[in-house]
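The values are calculated or read from the model by the stated rules, or taken from the named source; none is laboratory data. Nothing here was measured: the structure is a model prediction, and the numbers come from that model. Neighbour counts run over all protein chains shown; Cβ positions are idealised from the backbone, glycine included. The area values use the complete protein model at the heavy-atom level, side chains included, leaving out ligands, DNA and RNA. Shrake-Rupley method; radii C 1.70, N 1.55, O 1.52, S 1.80 Å.
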Amino acid sequence: MAQHSDRAREALMNAAEELFAQHGIAAVSNRKIAEHAGTANHSAVAYHFGTRDELFRALVLRHFEVMSVRRDQLFAELGPEPTTHDIVRCRLMPLIEQLDSLPKPSWRAQFLMQAHSKPDASPIIKEALLRDEETLQTLSMKMPVSNISESVMRARSGLIANLVLGVCAQYEAEVNTGIERGSWTSVGYFLIDAAAGMLSAPVTHAGGVPRAAPTYI
């Protein structure tokens with residue numbers, strides 16, 4: 001019975017992730033998710049997840065533990081004086097590897113892009129980050145950019161989050177349609193190089209962070 005319930009939950013999550021990625025989160029009903037998952041029970045989402053927010057939370061946290069373990073492994077392999085590039089690689093490569101490992105077609109990056117822009121998603125995304133807070137704080141402390149203020153680093157991290165999700169979502173869509181060039185690995189290192197450069201770039205004006213700049217949650 002438990003195995004059947006687990007399979008049903010997984011089918012609903014797969015259906016929701018695909019539909020959210022394709023149509024947007026607000027545009028997809030629980031009934032449509034149930035139908036796409038192949039069940040005639042239109043209350044399946046409520047039965048297996050309780051609320052729509054719980055389904056969304058489960059999707060955001062999906063694969064998170066695997067990525068966290070991989071990040072810890074990469075972090076443990078760092079030398080005593082890692083570069084900014086080394087630290088950014090520890091943070092981003094687990095996501096890239098996870099996206100590369102998914103069956104094709106996949107919708108994970110496109111869903112995460114939708115989730116990132118969802119106005120009320122911040123608490124759930126913050127919950128995911130807090131689960132990995134100790135590792136992320138340690139990585140940040142090792143980053144050799146102490147001459148840059150915390151507010152600037154947070155704003156730059158927000159820009160990087162948008163960049164990473166946007167590029168990954170676009171590449172995933174290209175993979176799904178068979179028009180991609182390169183590989184997930186090449187995409188990953190392109191993003192790592194760009195993010196490391198952005199984080200370590202000099203601050204050329206002391207006017208503070210623009211109010212419109214995103215912040216890393």
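Checked against (1) within 17 Å of the chain's Cα centre (by Cα); (2) open to solvent by less than 30 Å² (accessible area, probe 1.4 Å), residue 84 passes all but a single condition, namely (1). Taking the criterion of being of a type in the set (Gly, Ala, Ser) and not in a helix (DSSP H, G or I), the residues of the stretch 146-199 that qualify are 146, 149, 178, 182, 183.
Considering the conditions (1) at pLDDT 95 or above; (2) open to solvent by less than 30 Å² (accessible area, probe 1.4 Å); (3) not aliphatic (A, V, I, L, M), residue 107 is excluded by exactly one of them, (2). Candidates are the residues of the stretch 39-77 that are outside any helix (DSSP H, G or I) and under 20 Å from the mean Cα position of the chain (by Cα); the one that is nearest to residue 101 (Cα to Cα) is 63. Out of the residues in the stretch 200-217 meeting the condition of being assigned to a loop (DSSP other than H, G, I, E, B) and hydroxyl-bearing (Ser, Thr, Tyr), tell me which one is modelled with the highest pLDDT. Restricting to residues being assigned to a loop (DSSP other than H, G, I, E, B) and hydroxyl-bearing (Ser, Thr, Tyr), the top hit is 204. Name the residues in the stretch 61-78 that are open to solvent by 40 Å² or more (accessible area, probe 1.4 Å) and free of Cβ contacts under 8 Å to residues at least 24 places away in the same chain, would you? Selection gives 65, 69, 73, 76, 77. If you go through the stretch 1-38 and keep only what is open to solvent by 70 Å² or more (accessible area, probe 1.4 Å), closer than 23 Å to residue 110 by Cβ and outside any loop (DSSP other than H, G, I, E, B), you end up with 9, 10, 14, 22, 23, 31, 32, 35, 36.
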